[in-house]
């Protein structure tokens, strides 16, 4: 798993690097490298943390 993905916890916000149109998603779970994120424009998506490095969002600046 990508090292940055390992720190993702439920409640944190992320963006998908290849799908900016999905908006800012909220992490629902991170189990065994499978990260479930609820995106406003794509709904609930399960991300393979070994293939996609999600981008943490700490503010909207």
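Rule-based calculations on the coordinates, nothing more; no lab input. Keep in mind that this is a model prediction, so the values were computed, not measured. Virtual Cβ from ideal backbone geometry, glycine too; neighbours counted across all protein chains shown.
For this structure, a couple of remarks:
- Rounded, prolate or oblate (a/c below 1.5 giving rounded, otherwise prolate when a/b exceeds b/c) for segment 3-61 by Cα gyration tensor: rounded
- Residue 6 paired with residue 34, simple spin-label distance in nm, labels 7 Å along Cα-to-beta-carbon: 2.1
- Order of 41, 3 - criterion: other Cβ atoms within 10 Å of each residue's Cβ, fewest first: 3, 41
- Fewest-first sequence of 44, 34 by Cβ atoms within 10 Å of each Cβ: 44, 34
- Computed [θ] at 222 nm, helices only, for the chain once each DSSP H run of length n ≥ 4 contributes -39500 (n - 2.57): -1000 deg cm²/dmol
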